[in-house]
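Notes follow the structure.
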Amino acid sequence: MSPLMKRLVATAALGIACEAAPAPPPPPEATAPALLWKRPATSSSETENLGGEHGGLAADSALPSGEPPPRAEPVPTPSASASASGTDSVAGTEPRHRRGLWIWEFGKNAPLAPRAAELAKLWGVHRVFIKGSNGNQGPRWAKNASPENIAAFAEKGIEVWLFGYFYAPDIADADGRTWGSIDEQVAMMLEVAKAPGVTGVIVDAEEEFKERAAAGKELCTKLRAGLRGKRLGYTTFGWLSPNKKFPYATFDRHCGDAFLPQVYYAFGWPGGVVGSLDRLEKDLAAMKLKAPVWPVQSNEKDPSVATMVDFFAKTSSDASIFYFFPEGSPQTQKLSRLRFR
């Protein structure tokens, strides 16, 4: 079995957040051949049945050679009791796809949690990513990821992950503000992640961690220790090669239960869905990252249903979409036509 096929198997066994638009992309580069974790376009009938306070490899000399990357032990997830919740048609079976939906803030960017959970269940969403922290800013996001809001999804058999935007402590944001020490930021996330029904945490680390491998390792190490067996993944730039100052290897080793690259083709990336995924494949192979890959697409620019379906059809069964818009918006109306399972 090839290394890349092993990654696909690992991805199947397991289981964005930006307000500002990403930086302008570099000039187009040559398209790389598709590698094995991508699903061939002909393997799915989906295209025929349309069903931070911001908007990414640096040398990582701090990592001992040969040190195995830390990984969480598998933990029970809502899908394990699907027969009770009605999530899957056959008790104990895994869904065909485990696609996810990101939720920024209930009652503002998304419906209130009970209605959002009702819609997610209706659409067949397998997992949600709920924002639970932003630096050391606490009450707003603790309320967003409250036990009650988490339970609204978990009780319907939907897998719940929390995500937070994290900052290297010595780097100010675009407004000149810093967002607390690593310890303070970790504490904010661990407080909400201890709620029942939380499967894991996704670290959103972007511009502020470029050339800050040591801070990234500290963040991931402390989160993993505090999560006590819950899973830990990371999300960042989905166009890897122009962002080589970001310490991908550090996050891959220490937060690497899953890598959720932000593949925001709808922001005008050359080649659209196909070109963006091919570049991702090329960069992943060149950087030799090990984490299972769960690509993220964005509906912020309101791409067509056919385009979003095409992204899902061509990539991992653990792909997701950022994010849930208010009910009645064009983006949310289109979510109902995607196949999440």
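Of all residues in region 252-265, which are assigned to a helix (DSSP H, G or I) and either touching a strand residue (DSSP E or B) at 6+ places or on another chain (Cβ under 6 Å) or closer than 21 Å to residue 162 by Cβ (or both)?
Listed by number, the residues that qualify are 252, 254.
Being of a type outside the set (Gly, Ala, Ser), in contact with an Asp or Glu (Cβ under 7 Å, 6 or more places away or on another chain) and over 20 Å from residue 129 (Cβ atoms) is the requirement here; does residue 247 meet it? Spell out the reasoning first.
Numbers: of a type outside the set (Gly, Ala, Ser): yes; in contact with an Asp or Glu (Cβ under 7 Å, 6 or more places away or on another chain): yes; over 20 Å from residue 129 (Cβ atoms): yes.
Yes, satisfied.
State which residue is modelled with the lowest pLDDT when the search covers only region 304-341 and only residues that are of a type in the set (Val, Ile, Thr) and more than 21 Å from residue 202 (Cα to Cα).
332
Residue check: is residue 212 in contact with a strand residue (DSSP E or B) (Cβ under 9 Å, 6 or more places away or on another chain), basic (Lys, Arg) and crowded, with 22+ Cβ neighbours inside 10 Å?
no
Name the residues in region 146-179 that are assigned to a loop (DSSP other than H, G, I, E, B) and either modelled with pLDDT of 95 or more or surrounded by 17 or more Cβ atoms within 10 Å (Cβ to Cβ) (or both), would you?
Matches in region 146-179: 146, 155, 156, 157, 158, 166, 167, 168, 169, 179.
With the requirement that a residue be in contact with a Gly (Cβ under 8 Å, 6 or more places away or on another chain) and not in a helix (DSSP H, G or I), what does region 200-232 give you?
200, 201, 202, 203, 204, 205, 206, 230, 231, 232
When residues of region 293-341 are filtered for being assigned to a helix (DSSP H, G or I) and not aromatic (Phe, Trp, Tyr), how many remain?
Residues that pass the stated criteria total 14.
Considering 227, 219, 240, 260, which residue is touching a Phe, Trp or Tyr at 6+ places or on another chain (Cβ under 8 Å), surrounded by fewer than 23 Cβ atoms within 10 Å (Cβ to Cβ) and not acidic (Asp, Glu)?
Of 227, 219, 240, 260, the one residue that is touching a Phe, Trp or Tyr at 6+ places or on another chain (Cβ under 8 Å), surrounded by fewer than 23 Cβ atoms within 10 Å (Cβ to Cβ) and not acidic (Asp, Glu) is 240.
Matching residues to (1) more than 20 Å from residue 257 (Cα to Cα); (2) not charged (D, E, K, R):
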position	(1), (2)
143	yes, no
150	yes, yes
163	no, yes
188	yes, yes
191	yes, no
197	no, yes
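In region 180-190, what count of residues is obtained for those that are part of a helix (DSSP H, G or I) and polar (S, T, N, Q)?
First, pick out the residues of region 180-190 that are part of a helix (DSSP H, G or I): 182-190.
Now restrict to residues that are polar (S, T, N, Q): 185.
So the answer is 1.
Taking residue 334 and the conditions (1) touching a helix residue (DSSP H, G or I) at 6+ places or on another chain (Cβ under 6 Å); (2) farther than 20 Å from residue 118 by Cβ, which numbered condition does it fall short on, given that it satisfies the others?
Of (1) touching a helix residue (DSSP H, G or I) at 6+ places or on another chain (Cβ under 6 Å); (2) farther than 20 Å from residue 118 by Cβ, only one is false for residue 334: (2).
Just checking, how many residues over region 243-277 are closer than 24 Å to residue 224 by Cβ and hydrophobic (A, V, I, L, M, F, W, C)?
Summing the residues that are closer than 24 Å to residue 224 by Cβ and hydrophobic (A, V, I, L, M, F, W, C) in region 243-277 gives 7.
Name, by its number, the condition in (1) surrounded by 24 or more Cβ atoms within 10 Å (Cβ to Cβ); (2) not in a strand (DSSP E or B) that does not hold for residue 235.
If we test residue 235 against (1) surrounded by 24 or more Cβ atoms within 10 Å (Cβ to Cβ); (2) not in a strand (DSSP E or B), just (2) comes out false.
Return the residue satisfying two criteria in turn: it lies in region 180-206 and is of a type in the set (D, E, K, R) and in contact with a strand residue (DSSP E or B) (Cβ under 8 Å, 6 or more places away or on another chain), and of such residues it is surrounded by the most Cβ atoms within 10 Å (Cβ to Cβ).
Of everything passing the filter in region 180-206, 206 is surrounded by the most Cβ atoms within 10 Å (Cβ to Cβ).
The values are calculated or read from the model by the stated rules, or taken from the named source; none is laboratory data. Here the structure is a predicted model, which means the values were calculated and not measured. Using ideal geometry, Cβ is built from the backbone for each residue, glycine included, and neighbour counts are taken over all protein chains shown.
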